[in-house]
Each structure stands twice: as structure tokens, then as C-alpha cells.
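Following: one structure in C-alpha cells, then a few remarks.
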Amino acid sequence: MEVGAPTKEEARQVLKVLEVLKQASHDLQAHPSPSSAESNSSAINALLELETESDSILSTDPHLSALSHHLSALRTLISTLRGSRGKLDIKSFLARRVSSHEISRLAGSIESEIQAWIDRETIEKLTRLASRGSQEEDELVSVLDQVRNRLSQGFDRELQDLILKSKLYQELEWILCSKRFSRRVREGAGFAISELIKFNKDVFVGLVLMGQTVKTLLQISSLSSLKVLCLLVKSIKSPLVDLLESDGEIPKIVGLLGVDDLGVRLMAMDCLLEMGYFGRKEAVEAMMDAGLIERLVELQRGELGGDLIEMVRRGEEKVFLEKHPFASCVARFAVQLEVGEGLRQREKRAFKQEILKRVREVSVSDAEEATIVAEVLWGSSP
């Protein structure tokens, strides 16, 4: 960290103080006038007490100088507002209105300054911990979760500037791709990357498509890494499916439908269903050529499969799927192609016929063939 920045223990003290300040300033924005509601009194008292007691703590970090200034200004404003209480003249009335507005605005500035410090400290801590490898794994996982949760709160321009300056994406991708870290840490980095894409797709999608994130997630091929891949497909859509097709990764995903780990099989199927929705002709052809329909028929035939036609009619589809997650998986894939965004209408019709053809070729009985064919025809429009 920079010269003059707090030590590890001081940072913890500062963070504890700032979390209280942040909540108090948030509450104060809703009730800026001490005489308007009782609910704000604790927020005001907390801010004023901490302004006095925390000066030595806040002064250890140069990034908090603006916050100290805001707190001093807040004390002056609140003192002015309290001094006008009980006076009924127009001057006092206007003073109260102006002071209340300024208090609310200042409380917002305090909250923003505090959040900026927390964001900066979190990212710097992530970099420090990552540089030490796997020595502090639990703490590194915790910080990755903090980054993920912060990004999930939605777009923030100041946070984006910090992310770009700190090269956060590159740091997360390095952790994901580095075998020096445990799978748990690498998966945590993957989830943070997926939130970063949702945070601002326009800025970060290109980094995913040009980097090693997708290839690494498939190399790991765990339930969590496949879940991250599925989230990325939902966010990036056709361009990511195009990348998987051009890099020859689609047969690997189809192959995961045959592994022993049930969780991996289920997540692979979810990923393929999403890819079917967004995939263009070449990607869908790659899935077909990799034997997707044949594998789905086999899964539907198994004890975790079955058909949903009767269940849908009775309104019991969700309950049945909980115990039979591969039920009607052929028709579910066909529906994804039918309603999806990646194919033209004539391509959708052609692929439906190809699905029916493959089902007829691999069915082990007339009954099985009739059931799956009926589901495909019934589940998607003609």
C-alpha cells in the first residue's frame, strides 16, 4: 500500500469505524432534520461521536482526509440546525430547510467517500493476498466473495474507474488460471469475473473473449466452474457460444454429460441448454455432431429421466423435475432452439427434423421413440 497508509491492524480498526459511519450516514440521508423524526437521532449521534473519537484513526490514511473534512462540516451544519429549533420566524424556517438539505447532501458524500475507501482497500487486499499464493486461502476466498458481492450491487462509475486503474479483471483471471491456487480459490475468482461482466458488459466482455477465462473454466470442469461458464453464456450470449465453437470446446461440454459426477452432468446440461438458446447454426451443428441428442436420449431413458407430458397437464412438472432432472431433456433442448435467438426460422425447422431423425435412430423401442418424438413435436411449434 502507499506510504502513510494504515497497517493491517489499523485498517481493520478503520474499516470497523467506517462501517458504522456508512450506516449512520445512510440513515441520515432519509431523516436529515433532528426535529423531524426520532429515527434519525442515533444516526446523528453516531456520526458526531465518531467525528470526535475517530480523528486519530482516520488521519492515518491520506485517502480519508476528505471524509474528515465532511464530518467536521456536518458537525457545524447540525449545530446550526439545532440552534434554529423553536424559532418560528421565516429566517429560521428557511435556515432549517437549507440546513436539512445540506445535511442530507453531505451525508451522501460521506457515504460515497466511505464506500470508495472500502472498495480501494478490498481490491488492494486481494492483490496482496494473491501475491502470497495459497498461504491465506480462507481470507483470499473471503475477499473474492466481497468483490463479487460489491459488483452485484450494480454499476458505479467511481468503482469502475478503480477497477480499470487497478486492473482487477487481469488479477482475477490470473488467479483463475494459476494452478498455484486451490480449486476453491480459482472458482471464487471465476464467480467474481461473472459478476464483473454483469457490472458492465460493454467494457469487460472483450477481455473475456480474448483471454483464457473460458478455456480455464473448461479445464477445471467442476460444478462451480461450469456454473460460471453458464452465467457467462447468459451474459455474453452468441459471441461466447461462437468462441466455444471456434475453439473446438463444444464436444468437451457434451462429453461432460457422461461423467460420474451428477452435479457436473446437470450443470453441463444447463450450459448446453443456454448454448442452444443463443447458438448460431455452426454451434448447434457442433453440438449435434458431438452426439448431444444421443446422450440426451440416454439420460432421458435413465432413472433420473422420464417424460413430462402428463406431468405438465397435471401441473406437477416442477415437483417431478426435482427428482428427475433429465426428464424430457431432448424436448427441452428442442424448445431452446425453437424459441432461441441464434437461428433463423428455416434453420430451426431443419434442426427439429434432425433431432427427430436422431431420436428415431437411437431409440431402443417403439414406445420410447413415440414418446420422445411426441414431446419434441408437442413442446415446440410446428
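Things to note:
- In Hz, Karplus ³J(HN,Hα) per residue of the range 361-377 (6.51, -1.76, 1.60; θ = phi - 60°; x = Gly, Pro): 6, 10, 5, 8, 7, 5, 5, 4, 4, 4, 5, 5, 4, 4, 5, 5, 6
- Estimated distance in nm for a label pair at Ala350 and Ser109, the labels positioned 7 Å out from Cα along Cα-to-Cβ: 6.4
- Descending principal axes extents, the range 280-382, alpha-carbon based, whole Å: 34, 27, 21
- Distance from the range 130-208 to the range 315-355 (C-alpha centre basis), Å: 34
- Whole-number D in µm²/s for the range 125-193 (Stokes-Einstein; Kirkwood sum over Cα pairs; 10 °C, 1.306 mPa s): 132
- Computed FRET value (nearest 0.05) for Val339 with Glu316, which takes r as the C-beta separation and R₀ as 30 Å: 0.85
- Calculated FRET efficiency for the pair Leu15/Asp270, C-beta based, R₀ 35 Å, to 0.05: 0.40
- With contacts taken as Cα pairs under 8 Å and at least 6 residues apart, the range 132-236 reaches a relative contact order of 29 percent.
- Sorted by Cβ density within 10 Å, fewest first, the residues Glu187, Glu124: Glu124, Glu187
- The aspartates and glutamates whose alpha-carbon is closer than 16 Å to the alpha-carbon of Lys16, local same-chain residues fewer than 8 away aside, are Glu49, Glu51, Glu53, Asp55, Asp61, Glu111, Glu113, Asp119, Glu121.
- In terms of the mean number of neighbouring beta-carbon atoms within 10 Å, the peptides 324-336, 104-116, 253-265 order highest first as 324-336, 104-116, 253-265.
- Cα-based reach from Lys234 at 16 Å (exclusive), listing lysines while leaving out same-chain residues under 8 positions away: Lys198, Lys201
Bear in mind these aren't lab numbers, they're just calculated from the coordinates by the rules spelled out. Keep in mind it's a predicted model, so treat the numbers as computed, not measured. Neighbour counts run over all protein chains shown; Cβ positions are idealised from the backbone, glycine included.
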